[in-house]
Amino acid sequence: MEKKSFKLGLLPKILIAIVVGILIGQFLPVWFCRIIVTASGIFSTFLKFIIPLMIVAYVTMGIADLKSGAGKLLLITVALAYTSTLIFGSASYLVASSLFPHFMSEGAMEQIAATAGVSLDSYLSITIPPLLDTLSAVVLAFVLGLCLSMLRGKTISNTLYECMKDFSGIIDKVLHAVIIPLLPLYICGTFVDMTKSGKTFAILSVLWKVFLVVILMHLICICIQFVVAGAISHKNPVQLIRNQIPGYATAIGTQSSAATIPVNLQCAAKDGVSEQIRNFVVPLCANIHMAGSMITITACATAVCLMNRLPISLGVVIPFIMTLGIAMVASPGAPGGSIMTALPFLYMIFGAEAGDPNGPICAIMVALYITQDSFGTACNVSGDNAIGVIVESIYQKFITGARPAKAGRA
């Protein structure tokens, strides 16, 4: 009888990478840490180049493979993602404004400001300009996918469809042969940088209660989303949440919804989401569904306002959330992308003077957000699969008339 070879799964690799990154950043010299950060940075550059191509390949084929109702499913998916972002962003403000005043420290600003803009430098940087930015890739994928779905076999031949299918196969090979195996290195470098530069411990030591509230809101958000998805699809929400653990852990390490797409597609498969639906919904929602990021940004903005005695109300927050829910479509792909996208709009909450993107208050806002970004991203990608389960159920029940597949075990 042959012995089965032991193979370490992706989740243990990610957890090991996080622990190793913290230990390296805490105990090893700067020169060694910079080597890890350099390697991680080179991989990150390559990842940013691949992400738009991955969006074009997966979203195009996901839409093109829909036999019917492509336009309807696109509208439904976008509506679900935007509604989720608005609801949980507004709820974040209500919770933060109620709890934060009880444990905010007036001296927190000075202690946090010391970590703003601090980061390890790489020994080497390589510039690989992406062929498209993420927003252009999403729009191109929409156009190609919808046109192929409606016109293929009618007014156009299958040539372009077959080309896109082959292109999708190439991108799939790159993801599974390069991206996924090197994700732990990327994650390790992220935590080395955060630990060595003092971001994590400096901010957590001051506002750890704020962080706990935000993370708890993320977890509650995930539970609500999967309970709703389970109720609509008649699937066990506990099993759906279990299936999501690898995607959640990957997002914590990468701090990027787009970089987590390959793992999240595997989670969606375990949820019983068909290939054509998951290849359409997961990459799309990685770019438009920002519930976790919105929870973090809204809570951090509320905390900063309370520390600086700036006026803030639900009437001010809701227009900000509605605007940012659209603007953040261009943010996935890089750690901290959401807060960088939000900077030009922070004046809507902080005012024209305090909301200067180059000012100290916005710098502190960035520092606050970056330390929690991984958890917000993990909430984002988890919600993506909850939306995927809902869309699959709608597609099977009302468009094809088939019965949805059951969720598998993690």
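Once you have all Cα-Cα distances for segment 119-166, histogram them in 10 Å bins from zero and send the whole-percent values.
21, 33, 22, 13, 9, 3
I'd like the accessible area for Leu28, computed on protein heavy atoms only with a 1.4 Å probe and all protein chains in place. Round to 10 Å², please.
Accessible area, nearest 10 Å²: 70 Å².
Roughly what would the spin-label model give for Val227 and Ile87, points 7 Å off Cα along C-beta, in nm?
Result for the modelled spin labels: 1.1 nm.
Only loop residues by DSSP count here, and only those with at most 15 other Cβ atoms within 10 Å; note down the trypsin sites (Lys or Arg not before Pro) in segment 151-198 that meet that.
In loop regions of segment 151-198 (DSSP not H, G, I, E or B), the sparsely surrounded trypsin sites (Lys or Arg not before Pro) are Lys154.
So if I restrict to the alpha-carbon atoms in segment 172-265, what is the Rg, and what is Dmax, the biggest pairwise distance, in Å?
Cα-based Rg and Dmax for segment 172-265 come out at 16.2, 47 Å.
Under a plain spin-label model, where a point goes 7 Å from the Cα along Cα-to-Cβ, how far apart in nm are Phe103 and Phe167?
Modelled inter-label distance: 5.0 nm.
Accessible area of Thr85, 1.4 Å probe, to the nearest 10 Å²?
For Thr85, solvent-accessible area is about 0 Å².
How would you rank 380-392, 289-301, highest first, on the average number of other Cβ atoms within 10 Å across their residues?
Going by the mean number of other Cβ atoms within 10 Å, highest first, we get 289-301, 380-392.
Using mean Cβ contacts within 10 Å as the protection proxy, how do 138-148, 217-227 order, highest first?
217-227, 138-148
When the label point is put 7 Å from the Cα of Leu182 along its Cα-to-beta-carbon vector, which residues of segment 24-55 have a backbone N closer than 20 Å?
What the label zone holds, given the 20 Å backbone N cut-off, is 33-55.
The values are calculated or read from the model by the stated rules, or taken from the named source; none is laboratory data. If you're wondering where the values come from, they're calculated on a predicted model, not measured in any experiment. A quick note on method: Cβ atoms are made from the backbone with ideal geometry, for glycine too, and the neighbour counts reach across all protein chains shown. These accessible areas exclude ligands, DNA and RNA; they are computed on the full protein's heavy atoms, side chains included. Shrake-Rupley method; radii C 1.70, N 1.55, O 1.52, S 1.80 Å.
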